[in-house]
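This report refers to the structure that appears directly beneath it.
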Amino acid sequence: MVSMKKRERAWTAVLLFVVVALTGFGSVASERVSFDKGANSATFTAALGEGHDYVLGAKAGQTLTVALQGPSGVYFNVVPPNSQEALVNTSITGDARWSGDVKRDGDYTVRVYQMRSATPQGKNPTFTITLAVR
């Protein structure tokens with residue numbers, strides 16, 4: 001007879017595996033963005049891999065701008081602080097550039113990604129992204 005704690009641990013492990021497999025979390029590279037003194041934007045070039053998160057602070061009333069250059073099939077989302085709902089999802093809009101007013105103070109995440117179906121095909125494109133807060 002399997003103890004209740006062992007059964008709970010097994011189900012927790014299975015659930016965690018499913019969440020990671022479906023979302024890709026855990027393998028996404030993450031980078032904190034800080035601007036050079038006197039600058040309000042920064043540009044990064046990277047290989048996409050499983051995805052890349054850029055985390056940058058902004059204050060209510062500022063404008064956040066994201067510009068992505070890369071092959072078709074590379075997209076980005078902008079997620080506000082303490083939220084899972086994206087302000088923009090470019091896999092839906094098709095835009096390579098987005099600009100929006102920040103509604104609250106905090107860390108905003110810009111996630112660059114490709115559709116999960118492209119990842120198993122071994123596609124690892126290079127992209128360039130410019131992030132600005134004004």
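The values are calculated or read from the model by the stated rules, or taken from the named source; none is laboratory data. No experiment lies behind these values; they were computed from the predicted model shown. Positions of Cβ are backbone-derived with ideal geometry, glycine not excepted, and every protein chain shown enters the neighbour counts.
Quick check on segment 31-47. Is at least one of its residues more than 23 Å from residue 93 (Cβ to Cβ), outside any loop (DSSP other than H, G, I, E, B), free of Cβ contacts under 8 Å to residues at least 60 places away in the same chain and within 14 Å of the chain's Cα centre (by Cα)? Yes - at least one qualifying residue is present in segment 31-47. If you filter segment 99-124 down to residues that are outside any strand (DSSP E or B) and either acidic (Asp, Glu) or closer than 21 Å to residue 33 by Cα (or both), you find that the one that is modelled with the highest pLDDT is 105. Which of the residues that make up segment 81-90 are over 14 Å from residue 67 (Cα atoms) and either modelled with pLDDT of 95 or more or surrounded by 12 or more Cβ atoms within 10 Å (Cβ to Cβ) (or both)? Listed by number, the residues that qualify are 81, 83, 86, 87.
Just to be sure, is residue 127 part of a strand (DSSP E or B), hydrophobic (A, V, I, L, M, F, W, C), in contact with a helix residue (DSSP H, G or I) (Cβ under 6 Å, 6 or more places away or on another chain) and at pLDDT 95 or above?
On the way: part of a strand (DSSP E or B): yes; hydrophobic (A, V, I, L, M, F, W, C): yes; in contact with a helix residue (DSSP H, G or I) (Cβ under 6 Å, 6 or more places away or on another chain): no; at pLDDT 95 or above: yes.
Considered against the rule, which asks whether it is part of a strand (DSSP E or B), hydrophobic (A, V, I, L, M, F, W, C), in contact with a helix residue (DSSP H, G or I) (Cβ under 6 Å, 6 or more places away or on another chain) and at pLDDT 95 or above, residue 127 comes out as no.
Can you find a residue in segment 50-62 that is farther than 20 Å from residue 34 by Cα, at pLDDT below 95 and assigned to a loop (DSSP other than H, G, I, E, B)? Steps first, please.
The first filter runs over segment 50-62 and keeps only residues farther than 20 Å from residue 34 by Cα, leaving 50.
So of that shortlist, the ones also at pLDDT below 95 come out as 50.
Those still in the list that are assigned to a loop (DSSP other than H, G, I, E, B) too: 50.
Looking for residues that are farther than 20 Å from residue 34 by Cα, at pLDDT below 95 and assigned to a loop (DSSP other than H, G, I, E, B), one finds at least one in segment 50-62, hence yes.
Number of residues in segment 75-98 that are within 19 Å of residue 35 (Cα to Cα) and either assigned to a helix (DSSP H, G or I) or more than 16 Å from the chain's Cα centre (by Cα) (or both): the value is 0. Considering the conditions (1) loosely packed, with under 14 Cβ neighbours inside 10 Å; (2) at positive phi, residue 45 is excluded by exactly one of them, (2). If I ask for residues that are surrounded by fewer than 19 Cβ atoms within 10 Å (Cβ to Cβ) and under 13 Å from residue 133 (Cβ atoms), which ones from segment 91-114 would you list? Across segment 91-114, the qualifying residues are 99, 100, 101, 105, 106, 107.
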